[in-house]
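This report concerns only the one structure given below.
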Amino acid sequence: QMKTELICVDIDGTLLKNDKELSEEVKNSLTSAYNMGIKIALVSGRMPSGVTLIERKLGFPCIKICNAGTFIMSGNECLDSCYLDKEVMLKIYNVYSPKYNIPLWIFKNEKWYVTGIDRYIEKERVDIQTEPRLTDINSLYKGWANEFGPNKILFGADPKIIQEIVDDLNERNLPEIDIARSADHFLEIFPKGVNKGTAMHRVCEIYSINPENTMA
């Protein structure tokens, strides 16, 4: 008899409907699971504030796997995190941002930096109810002199541009990164070997849960 100890659920397009609303049925199902003592993990490409927004709507504490698996939280505490090399961030910015005239989105812990503002960023601001910090990439890079780089970086652009960048990155085959298109117009770039799946395994380790006793 398998006993479910952990339920992992994606947010956008899974937990939320296309209008970004949470249905009462879903909320009630998860609430009853929580009340039975099952841990609920919200697993998302969203930054922490965007995940916390959904945790508040659900009305009970969740484990929060944010930034596409690179930043794991419980309450306000960070349980685990992984980072990209700052050099890689700078290199990717310099190769693609000026060429396509698109801003780079930079996520580090609970902060969201952008190198410019466009309609994709405007929409995200509304969806996750968070203000990005407009930044100069070189100042950011210098400011992180003795620190890690970001958890993940992202380009939001016309799908044709995103496809060109994907093709070019695949040709370059950079050893430090993995890439994923979370939507036609989004390209996410994170540390090699880190994803929502590895983060779910990490949560199982942290809470001593057998992965066989999880639902995702």
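Remarks
- Per-residue extension of 0.36 nm, minus the Cα-Cα distance of Glu205 and Ile179, leaves a gain of 6.9 nm for this segment.
- Estimated distance in nm for a label pair at Glu131 and Glu87, the labels positioned 7 Å out from Cα along Cα-to-Cβ: 3.6
- Long-range HN-HN contacts of Asn151 with modeled amide H, under 5 Å: Leu84, Phe107, Lys108, Asn109
- Residues of the stretch 130-216: accessible area per residue with a 1.4 Å probe, Å²: 56
- Carbon/sulfur fraction of accessible area - the stretch 74-189, other protein chains in place, 1.4 Å, %: 46
- Here the dipole of the chain is about 300 debye; that uses its Cα centre as origin and unit charges on the Cβ of Lys and Arg (positive) and Asp and Glu (negative).
- ³J(HN,Hα) computed for each position of the stretch 25-42 - Karplus, 6.51 cos²θ - 1.76 cosθ + 1.60, integer Hz, glycine/proline x: 4, 5, 4, 5, 4, 5, 5, 5, 4, 4, 5, 7, x, 7, 6, 10, 10, 8
- Amide hydrogen neighbours beyond the local backbone of Cys62, cut-off 5 Å, H modeled: Gly75
- Angstrom value of the Kirkwood radius, inverse mean 1/r, which spans all Cα pairs in the stretch 74-133: 13.2
- Rounded to the nearest 500, the helix-only mean residue ellipticity at 222 nm of the chain stands at -11500 deg cm²/dmol, with each DSSP H run of n ≥ 4 adding -39,500 (n - 2.57).
- Each residue of the stretch 93-106 was assigned a 3J(HN,Hα) from its phi angle through the Karplus curve 6.51 cos²θ - 1.76 cosθ + 1.60 (θ = phi - 60°); the sequence is 4, 5, 6, 10, 4, x, 4, 9, 6, 10, x, 9, 9, 10 Hz, with glycine and proline shown as x.
- Within straight-line cross-link reach of Lys17, lysines at Cα separation under 22 Å, skipping those fewer than 8 residues along the same chain: Lys27, Lys57, Lys64, Lys123, Lys196
- Where (1) 19.2, 55; (2) 17.7, 57; (3) 19.1, 61 are the candidate values, the label of the one calculated here for Rg and Dmax of the Cα atoms in Å is (2).
- Interchain or long-range residues, amide H under 5 Å from Cys78's placed H: none
- On the basis of the beta-carbon distance and an R0 of 22 Å, Asn18 and Cys78 show a calculated FRET efficiency of 0.10.
- Mean separation of Cα contacts under 8 Å (6+ apart) over length of the chain, as relative contact order %: 22
- Once exposed loop trypsin sites (Lys or Arg not before Pro) are cut out (DSSP; at most 14 other Cβ, 10 Å), longest piece of the chain: 21-191
- For the stretch 63-147, the list of GluC sites (Glu not before Pro) that fall in a loop by DSSP and count at most 14 other C-beta atoms within 10 angstrom reads Glu147.
- Here the dipole of the stretch 1-89 is about 200 debye; that uses its Cα centre as origin and unit charges on the Cβ of Lys and Arg (positive) and Asp and Glu (negative).
- Using the Karplus relation 6.51 cos²θ - 1.76 cosθ + 1.60 with θ = phi - 60°, the per-residue 3J(HN,Hα) values for the stretch 121-135 come to 5, 4, 5, 4, 3, 6, 4, 9, 6, 9, 8, x, 9, 6, 9 Hz, with x marking Gly and Pro.
- The loop-placed GluC sites (Glu not before Pro) in the stretch 12-56, going by DSSP, that have at most 16 neighbouring Cβ atoms within 10 Å of their Cβ come out as Glu21.
The values are calculated or read from the model by the stated rules, or taken from the named source; none is laboratory data. Since this is a predicted model, take the numbers as computed values, not measurements. All Cβ positions, even for glycine, are placed from backbone atoms using ideal geometry, and neighbour counts span all protein chains on display. These area figures cover heavy atoms from the full protein model, side chains too; ligands, DNA and RNA do not enter into them. Shrake-Rupley method; radii C 1.70, N 1.55, O 1.52, S 1.80 Å.
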